[in-house]
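The values are calculated or read from the model by the stated rules, or taken from the named source; none is laboratory data. Quick caveat, the model's predicted, so the values are computed rather than measured. Positions of Cβ are generated from backbone atoms using ideal geometry, with glycine treated the same way; all protein chains shown enter the neighbour counts. Heavy atoms of the whole protein, side chains included, go into the accessibility calculation; ligands, DNA and RNA do not. Shrake-Rupley method; radii C 1.70, N 1.55, O 1.52, S 1.80 Å.
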Amino acid sequence: MHSYVLISAFLLCGVMDARKIRGISSSYKRFYRERRSFLCIDGSKVIPFEHVNDDYCDCEDGSDEPGTSACSRGRFYCTNLGFRPHYIPSSRVNDGICDCCDTSDEYNSHAQCHNSCWNLGQRERAYVEGQMKTLDEGLRLKQQLIEDGVVLWREKQAQLRGLQQLAEDLQVKLEECRRRKHEAERLKEKTLDIQLVRDAGYVHTQENSKKSENNSESEVALEQGEEQPVIQAKIKGTAGGYEGEDPLLKAAARAAEQEVSDLKKVEEAYETVNMEISELQKKLAIDYGVDWEFLYLNNQCYELSVHEKWGMWTGTPELYSQMIYENGEPCWQGGSRSTTVTLTCGTETGLRLVKEPSKCQYIMDLQTPVACQPVLKQRGIHSEL
């Protein structure tokens, strides 16, 4: 019975002492339950427990001095009840400057510290509430943009199918126009040949008739001793055709010219449609996100001129949280310019930040509803208030 009481009292005393040890979080208290010895958290050394927080560094990882500034690698845990807990380097313990809002880091100094955790916590909670409202509104707007993106995507797909069908129809019409042009030109040539033959026959007849007259005249002339000129027949041509051509030839020529004009129009229309198909296919090949939520950003301008080329989507843990632009204009005495655009949740779309952290390497912050993720709402903005 006495042994049980003694053991219980020893354990209770160990728990109480562990709670009194400064500079440790609740998750590390199990390492500081009072025993005869203390094992450095990195397992490098075992020291007597009374050496913990004795203002002398025994462990290489500084774990034996969480509440003093003895270890250069040590960390002091600020509990900051009512605000966010955090660690500070052990070198800041009792240095006369208040680093923890609960003043726990200056327990043995002359610094006049005041506990400001509650006020900071109120501001933090107000900020978190504002962020949650922004997230809710952003998610609502994002859902609308997703729905609009789906509709627009379907419209673009329907437009592409319509253009492809039109291209097929124009292809058939193009072949038909080529055939008709070829037939019209053949008909024109055939009609022209007939005209030439007819005209040649007419000239031949005229020559024979004239030859008879000339023979009669020649006989008279020969009797009189006169020389006669040689008669030559010519068909005279003009820039617009042949003189004296008949209506059939004129109609054939006009028909051929019309077929040439019609073919040219169809060829131009076919070329234009194919160009539109190519441009639309390029747009549809772009990665607009899982639900096409980034489709609405296409062709949108936010008053920023860049010359880099689109690289890829990236980001951790969300894939579509960063846009990489690469291979920009050459940088003087350096490589090509590049830009990383980080997308953050917001109710409006616009640039909030532009920086150049290193030479010709730019970072931008683009706030937009499509960057809002439901997982943010489920997880919340982590804070131990």
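Can you name the residue in segment 334-348 that is in a strand (DSSP E or B) and small (Gly, Ala, Ser) and is also most open to solvent (accessible area, probe 1.4 Å) among such residues?
Here the residue is Ser336.
Check Lys29 against each of (1) closer than 30 Å to Arg125 by Cβ; (2) surrounded by fewer than 16 Cβ atoms within 10 Å (Cβ to Cβ); (3) modelled with pLDDT of 90 or more and name the one condition it does not meet.
Looking at each condition in turn, Lys29 falls short on (3).
Looking for something part of a helix (DSSP H, G or I), under 30 Å from Cys59 (Cβ atoms) and open to solvent by less than 60 Å² (accessible area, probe 1.4 Å) - is there at least one such residue anywhere in segment 118-136?
No; the residues of segment 118-136 include none that is part of a helix (DSSP H, G or I), under 30 Å from Cys59 (Cβ atoms) and open to solvent by less than 60 Å² (accessible area, probe 1.4 Å).
Cβ-Cβ distance below 6 Å, separation of 6 or more or different chains: which pairs start in segment 355-366 with a residue that is closer than 13 Å to Gly328 by Cβ and end on one that is open to solvent by 90 Å² or more (accessible area, probe 1.4 Å)?
These pairs meet every condition: Tyr362/Glu356.
Out of all the residues in segment 349-362, is one or more assigned to a loop (DSSP other than H, G, I, E, B), under 21 Å from Gln300 (Cβ atoms) and at pLDDT below 80?
Taking every residue of segment 349-362 in turn, none turns out to be assigned to a loop (DSSP other than H, G, I, E, B), under 21 Å from Gln300 (Cβ atoms) and at pLDDT below 80.
Can you tell me which residue within segment 32-47, out of those that are modelled with pLDDT of 90 or more and surrounded by 14 or more Cβ atoms within 10 Å (Cβ to Cβ), is nearest to Asn80 (Cα to Cα)?
Step by step, filter segment 32-47, then rank; the result is Ile41.
Pick out the one residue from Arg75, Arg84 that is open to solvent by 50 Å² or more (accessible area, probe 1.4 Å) and touching a strand residue (DSSP E or B) at 6+ places or on another chain (Cβ under 8 Å).
Arg75
Modelled with pLDDT of 85 or more and buried (at least 16 other Cβ atoms within 10 Å of the Cβ), is that true of Ala285?
Taking the combined requirement at face value, the residue does not satisfy it.
Can you pull out every residue in segment 51-104 that is in contact (Cβ under 8 Å) with a residue 60 or more places away in the chain and part of a helix (DSSP H, G or I)?
Answer for segment 51-104, where residues must be in contact (Cβ under 8 Å) with a residue 60 or more places away in the chain and part of a helix (DSSP H, G or I): Ser90, Ser104.
Is it fair to say Leu248 is modelled with pLDDT of 80 or more, closer than 18 Å to Gln157 by Cα, surrounded by 12 or more Cβ atoms within 10 Å (Cβ to Cβ) and not charged (D, E, K, R)?
no
Can you pull out every residue in segment 106-115 that is touching a Cys at 6+ places or on another chain (Cβ under 6 Å) and farther than 19 Å from Arg22 by Cβ?
none
Report, ordered by the first and then the second residue, all pairs with beta carbons closer than 6 Å, sequence separation of six or more or different chains, a first member in segment 160-176 that is within 15 Å of Lys265 (Cβ to Cβ) and open to solvent by less than 70 Å² (accessible area, probe 1.4 Å), and a second member that is in a helix (DSSP H, G or I) and of a type outside the set (Gly, Ala, Ser).
These pairs meet every condition: Leu170/Tyr270; Leu174/Val266; Leu174/Tyr270.
Quick one: would you say Glu213 is charged (D, E, K, R), open to solvent by 70 Å² or more (accessible area, probe 1.4 Å) and modelled with pLDDT of 90 or more?
No: the conditions fail for Glu213.
Taking only pairs six or more apart or across chains, which ones have beta-carbon atoms under 6 Å, a first residue in segment 186-203 that is within 15 Å of Glu257 (Cα to Cα), and a second residue that is open to solvent by 30 Å² or more (accessible area, probe 1.4 Å) and at pLDDT below 85?
Thr191/Leu248
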